[in-house]
Amino acid sequence: MKKAKLIFTAIETSIERSLSAYYYGTPDNKIYVIYKSPYEAPSGKTSFEFNIAKHEQFHYNYLEDKIIDNLTHEELRRTNCLDHPNLILSIVKSSKTCKTHEEAGQLLNSWITQEMGIIGYAEFKSHYK
């Protein structure tokens with residue numbers, strides 16, 4: 001099964017309360033963002049969780065390695081345009097057990113494999129011909 005591709009890293013992201021963000025293009029033509037954000041643990045201490053969110057403004061053509069604007073259907077020429085102050089993201093998974101971006105990336109790959117398993121690979125391929 002194909003895995004998510006890292007398409008952009010924002011060292012300083014515009015996502016509120018996060019320092020960096022990793023943007024992945026996935027075989028189901030979506031873009032997901034992995035970022036770490038603080039939360040207050042039951043002990044009262046501040047801890048961190050990793051969030052996986054779907055980018056709602058762009059999608060990714062996995063076969064052609066292209067980022068497409070959902071409104072204009074035009075190809076995005078610069079990947080840094082993915083990260084901007086008015087991001088529209090939908091969180092699909094959060095993890096308080098992941099300790100690194102790499103672990104969160106493995107969680108993303110596991111999750112999209114499950115999601116695509118519902119669609120089936122043959123049906124997935126037919127969407128992009």
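Counting only DSSP H runs of at least 4 residues, each contributing -39500 (n - 2.57), and dividing by the residue count of the chain, the helix-based mean residue ellipticity at 222 nm comes to -6000 deg cm²/dmol.
In the neighborhood of Cys98, defined by Cβ-to-Cβ distances under 11 Å, what is the net charge if each Lys or Arg adds +1 and each Asp or Glu adds -1? Please list the in-between numbers first.
On the way: positive: Lys36, Lys93, Lys96, Lys99; negative: Glu49, Glu102, Glu103.
Computed value for this residue: +1.
Here the label points at Lys5 and Lys45, each 7 Å from Cα along the C-beta direction, are separated by 4.1 nm in the simple model.
For region 1-110, the percent of C-alpha pairs falling in each 5 Å distance bin, counted from 0 to the bin holding the largest distance, reads 2, 12, 23, 24, 18, 10, 5, 3, 1, 0.
For Cα pairs less than 8 Å apart in space and 6+ apart in sequence, what is the mean separation divided by the residue count of the chain, i.e. the relative contact order in percent? If you can, show how the numbers build up before the last one.
Numbers: 223 pairs, mean separation 27.6, N = 129.
This gives 21 percent for the chain.
Pick out, in residue order, every one of the trypsin sites (Lys or Arg not before Pro) in region 10-72 that is DSSP loop and has at most 13 other C-beta atoms within 10 Å; say none if there are none. List each step's numbers first, then the result.
Details: sites: Arg17, Lys30, Lys36, Lys45, Lys54, Lys66; in loops: Arg17, Lys30, Lys45.
Qualifying residues, ordered by number: Arg17, Lys45.
The distance from the alpha carbon centre of region 1-35 to that of region 57-104 is 5 Å, rounded to a whole number.
Overall, the chain carries a charge dipole of about 280 debye about its Cα centre when +1 sits on the Cβ of Lys and Arg and -1 on the Cβ of Asp and Glu, all other atoms neutral.
Which pairs in the list Lys66/Lys93; Lys2/Lys96; Lys5/Lys54; Lys36/Lys66; Lys2/Lys99; Lys3/Lys66 are over 21 Å apart, alpha-carbon to alpha-carbon?
Numbers: Lys66/Lys93 25 Å; Lys2/Lys96 26 Å; Lys5/Lys54 14 Å; Lys36/Lys66 26 Å; Lys2/Lys99 24 Å; Lys3/Lys66 16 Å.
With Cα atoms farther than 21 Å apart: Lys66/Lys93; Lys2/Lys96; Lys36/Lys66; Lys2/Lys99.
Loop-located GluC sites (Glu not before Pro) in region 57-88 (DSSP state other than H, G, I, E, B) with a sparse environment of at most 14 neighbouring Cβ atoms within 10 Å: Glu64, Glu74.
Is region 63-102 rounded, prolate or oblate when judged by the Cα gyration tensor, a ≥ b ≥ c being the square roots of its eigenvalues, rounded requiring a/c under 1.5 and prolate requiring a/b larger than b/c?
Here region 63-102 falls in the prolate category.
Compared with the alpha-carbon gap, the fully stretched path from His84 to Asn70 is longer by 3.5 nm at 0.36 nm per residue.
The numbers here are math on the coordinates, done by the rules we state, and not lab data. This is a predicted model, so every value here is computed, not measured. Glycine gets a Cβ as well: all are built from the backbone with ideal geometry, and neighbour counts include every protein chain shown.
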